[in-house]
Amino acid sequence: MLKIVNKLENVDFLNKHIDEILYFFETIPTDIVIIEDIDRFDTIEIYKTFREINIIVNNYLKGIGKKKSTFLYAIKDNLFENEFDRTKFFDLIIPIIPYVDFSNSKNILTAKLKEINSDILDENQNKFINSVSRFILDNRILKNIINEFIVFREQQKIKGELLNEEKLLAIIIFKNLRPKDFSRLHNGNSNINIAFNYKSNLIKIINSDLNLKIKELQKEINEALTENLKSVRELNKLYIYEIKERMSSNPPLGLIINQKKISFQIAIERGENLISDVNIVELEYKNGASKIDSLLNEFGKTFIPSYKKRYRHINNKEGFISRNKKKIEGYKNIIKTTESQTLQQVFRNTYFSKKVFIQCFSYIYNETTIGEIYNNEKNKYDKRIYNDTLLFFLLENGYIKEDYQDYISKKGLII
């Protein structure tokens, strides 16, 4: 058997066993040698060695007047990253259309489940099958998923267990598509364990953000309550006076609101909003105009809070305070309910985001002993829970829930 080693060791191996290899092809006429399932080693060095063997063998067979032997390789398309390497290495490339891929796996999976009369097809209009099948891209894996599902479902019937078939299929799919991570479930180091064990950390981050929002709203309420100006007219009078004082060397003539000129006095009497999200407000000068918002924002360093905030505080003060109090109450209710939410409900929380998810679990991978397990793996970042699209899908939609242990213990029989 050919060892998967470095280039120098492969050369030594070839030199050591070449006589035996040549004797084999001399005594046993072999038209085609089929080489498959070697691409799982994820290296092209072994193929280089096979190519050398093929050349040496054919030169030897030609010398003794025998028919050459053809080496046929079954490999993945992406083994050779460079397209030129691929075409140079092989004399002929024959594409194979896969029996199962993301576009038809749902039809095949549905057909197989119909054959065994699964209850899954009677629930949610095949929503689960239609969604999860896009992750199943290999016919052998699909067959194994069905076979294991049949076995575990029958064992449950024998034991008299009434486990949810949809959840059972979900955990079997995870087992087949993420075998290494699934094996860690039994010692508590799987991404599934991490997701549920650290759910409280995720909730703390969400609630911490909500508490900051509450703190900011309460601050605005306090600022509104302590605002000593009674009207927007008084506010505009204060700021326009400050504008005139600061711009005394080049005094503005008035305002331009949406390209219409008005005097400072009219702006004061009307209670115009000098920093509006709707209107364009400019200061008029002899030689042109400039937007007023940058100047008023600069005043915010002198007048705290800023004009924009003070306008909100003064204009319908009671309504402003009432709205903010309602928001605070709403945030407090969300915090209260979040404490008892399932992981699926947390994922669907309005204030949950991928950013929050990464913030929570990056700490786990970077600072804990569990993280060390994943950090020692190849493509370690791809293995993290927030980059695993399959697991995220299963958790977000509740196909793997807090009762997942029932499906991997003796009760669920996937052990």
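Readers should treat all values here as calculations from the given coordinates under stated rules, not as data from a laboratory. Note that the coordinates shown come from a computational prediction; the quantities given were computed from them, not determined experimentally. Cβ atoms come from the backbone with ideal geometry, glycine included; neighbour counts cover every protein chain shown.
Between Asn279, Asn176, Asn139, the residue with the greatest mean-square fluctuation in the GNM of the chain (Cα pairs under 10 Å linked by springs) is Asn279.
Residue-wise HN-Hα couplings along segment 164-171, as the Karplus relation 6.51 cos²θ - 1.76 cosθ + 1.60 with θ = phi - 60° gives them from phi, are 5, 5, 5, 5, 4, 5, 4, 6 Hz; Gly and Pro carry x. Taking the chain as a Gaussian network of alpha-carbon nodes connected by springs under 10 Å, the highest mean-square fluctuation of the residues Ile53, Ile321, Ile256 belongs to Ile53. Straight-line cross-link reach from Lys16 at under 16 Å between alpha-carbon atoms covers these lysines, not counting any fewer than eight positions away in the same chain: Lys3, Lys7. In order along segment 17-26, the Karplus-derived 3J(HN,Hα) couplings, from 6.51 cos²θ - 1.76 cosθ + 1.60 at θ = phi - 60°, round to 10, 4, 5, 5, 5, 5, 4, 4, 5, 6 Hz, and Gly and Pro are given as x.
Here are a few candidate values for semi-axes √(5λ) of the Cα gyration tensor in Å: (i) 60, 23, 19; (ii) 61, 38, 19; (iii) 69, 33, 20. Which one was actually calculated from the structure I just gave you? Calculated semi-axes √(5λ) of the Cα gyration tensor in Å: the matching label is (iii).
Segment 233-341: which trypsin sites (Lys or Arg not before Pro) are DSSP loop and have at most 12 other beta-carbon atoms within 10 angstrom?
Sparse-neighbourhood loop trypsin sites (Lys or Arg not before Pro): Lys286, Lys301.
Estimated at 0.36 nm per residue, the fully extended path between Lys327 and Lys199 surpasses their Cα-Cα distance by 43.5 nm. Gaussian network model of the chain, Cα springs within a sub-10 Å range: biggest mean-square fluctuation belongs to which of Pro251, Pro95, Pro179? Of Pro251, Pro95, Pro179, the most mobile in the Gaussian network model is Pro95. A Förster distance of 56 Å, applied to the separation of the beta-carbon atoms of Arg246 and Lys180, puts the FRET efficiency at 0.25.
Fewest first, what order do Ser276, Ser340, Ser249 take by the number of other Cβ atoms within 10 Å?
Sorted ascending by nearby Cβ count, the order is Ser249, Ser340, Ser276.
Using C-alpha pairs below 8 Å separated by at least 6 residues, the relative contact order for segment 236-342 is 18 percent.
Taking each of Lys309/Lys332; Lys291/Lys326; Lys327/Lys355 in turn, the alpha-carbon distance tops 26 angstrom for Lys291/Lys326. Put simply, segment 222-319 fits an ellipsoid with semi-axes of 23, 14, 12 Å; these come from the alpha carbon gyration tensor as the roots of five times its eigenvalues, largest first.
Each of the peptides 187-196, 105-114 was scored by the mean count of other Cβ atoms within 10 Å over its residues; in descending order, highest first, they stand as 187-196, 105-114.
Cross-link candidates for Lys286: which lysines have Cα within less than 23 Å, leaving aside residues fewer than 8 places away along the same chain? Once the sequence-local lysines are set aside, what remains near Lys286 is Lys237, Lys244, Lys260, Lys261.
Counting 0.36 nm for each residue step from Gln218 to Lys76 and taking away their Cα separation leaves a gain of 45.1 nm. Beta bridges per DSSP, both residues in the chain: antiparallel share near 70 percent. Taking amide H as placed 1.01 Å from N in the peptide plane, Glu284 has its amide H under 5 Å from the amide H of Leu253, Gly254, Leu255, Ile256, each at least 5 places away in sequence or on another chain. Distant-in-sequence amide contacts of Tyr73, defined by a placed amide H-H separation under 5 Å and a gap of 5 or more residues or a different chain, comprise Ile35.
Between Glu234 and Ser362, 0.36 nm times their residue separation minus their Cα-Cα distance comes to what?
Taking Glu234 through Ser362 to full extension adds about 41.0 nm, to one decimal.
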